[in-house]
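Laboratory data are not the source of any read-out in this text; all were calculated from the coordinates shown. Computed from a prediction, not measured in an experiment: that's the story for all the values here.
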Amino acid sequence: MARILEGFEKLYDGVTVRKINLMDNMDYAKKYGVRVVPTLIFLSPEEELLLKHEGIMNSEQLKDSWKELGYELEDLK
């Protein structure tokens, strides 16, 4: 999942990916109700929770999820 997220961040302008080790940051697990790894948390620029997805997503699924949330991602190619 890390490789997919790193590539996704490089492909689209304005996307920031943060990977959080929950063993070191249990507050995040509690705050967002994380029960499984990986869990993807989609946040607005104001850090409002928009979507939580448990499990793996490929790059197209990530892009589609942002689109469903109303965000048009600009391809940097």
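Below 25 Å Cα-Cα, how many Lys pairs turn up in the chain? Only count pairs eight or more apart in sequence, or on different chains, if you could.
Summing the qualifying lysine pairs gives 19.
Measure nothing fancy, just the Cα-based angle from helix 59-68's long axis to the longest principal axis of the chain, in degrees from 0 to 90, nearest 10.
90
What angle do you read, to the nearest 10 degrees and between 0 and 90, between the alpha-carbon axis of helix 2-11 and the longest principal axis of the chain?
Tilt of helix 2-11: around 40 degrees.
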